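Values in this text are rule-based calculations from the coordinates and carry no lab data. Just so you know, these numbers come straight off a predicted model, no measurement behind them. Cβ sites come from the backbone with ideal geometry, for glycine too, and all protein chains shown count toward neighbours.
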Amino acid sequence: MFSRRVLAHRVSITMEAAFCVEAVQEALAKHGRPEIFNTDQGSQFTSLEFTDVLLDAKIAISMDGKGAWRDNVFVERLWRTVKYEEVYLRAYDSVSEARASIAKYLAFYNQGRPHSSLDGRTPDEAYFGTQAMVMAA
């Protein structure tokens, strides 16, 4: 089941592994351990610092092949949408302004933006509706 809901996000202005390590540790604490974690082959994701977090949690690591955007198509499509509907339309004066504006957009994306792939529902409607159905069963 895919709801297209963005569970969490962060904005970084560097390609450092520490940022990604913090983000994945937060995701694991909030959402639990997935069986498989998929990334591209960026240096921050191939670093020992990052891969050790996944291996220590006994999470299988899947890395996209070079130029294999289809391997992570949902995230690639999300970031295309964020860029065209938010980032490219703004001239941010600072990193903090970019972070705040992107956060506001992602709240809209989850709560107010209907998706044709979700039969006109928002990601929140699809995500929380599915959760409620599972809990009722």
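Sorted fewest first by neighbouring Cβ atoms within 10 angstrom, Lys58, Lys83 come out as Lys58, Lys83. Rounded to the nearest whole Hz, the Karplus-based 3J(HN,Hα) values (6.51 cos²θ - 1.76 cosθ + 1.60, θ = phi - 60°) of segment 13-24 follow the sequence 10, 10, 10, 7, 5, 4, 4, 5, 4, 4, 5, 6, with x at glycine and proline.
Between Arg121 and His115, the built amide H atoms are under 5 Å apart, and every one of these is 5 or more places off in sequence or on another chain.
In whole angstrom, the chain maps to an equivalent ellipsoid with semi-axes of 25, 22, 15, each derived as √(5λ) from the alpha carbon gyration tensor and ordered largest first.
Each residue in Phe74, Phe50, Phe37 was given a count of other beta-carbon atoms within 10 angstrom of its own, and listing them fewest first yields Phe74, Phe37, Phe50. With helices as the sole contributors, the chain gives -16500 deg cm²/dmol at 222 nm; each DSSP H run of n ≥ 4 counts as -39500 (n - 2.57), and the sum is divided by every residue. If only the Cβ of Lys and Arg carry +1 and only the Cβ of Asp and Glu carry -1, the dipole of the chain around its Cα centre is close to 420 debye. Relative contact order, whole percent, for segment 17-136 stands at 16, derived from Cα pairs under 8 Å and 6 or more residues apart.
For Leu48, Leu55, the sequence from fewest to most other C-beta atoms within 10 Å is Leu48, Leu55.
Lysine pair count for segment 17-136 (Cα-Cα distance under 27 Å; residues 8 or more apart in sequence or on different chains): 6. Extension gain, Ile36 to Lys58: 0.36 nm times the residue separation minus the Cα-Cα distance gives 7.0 nm.
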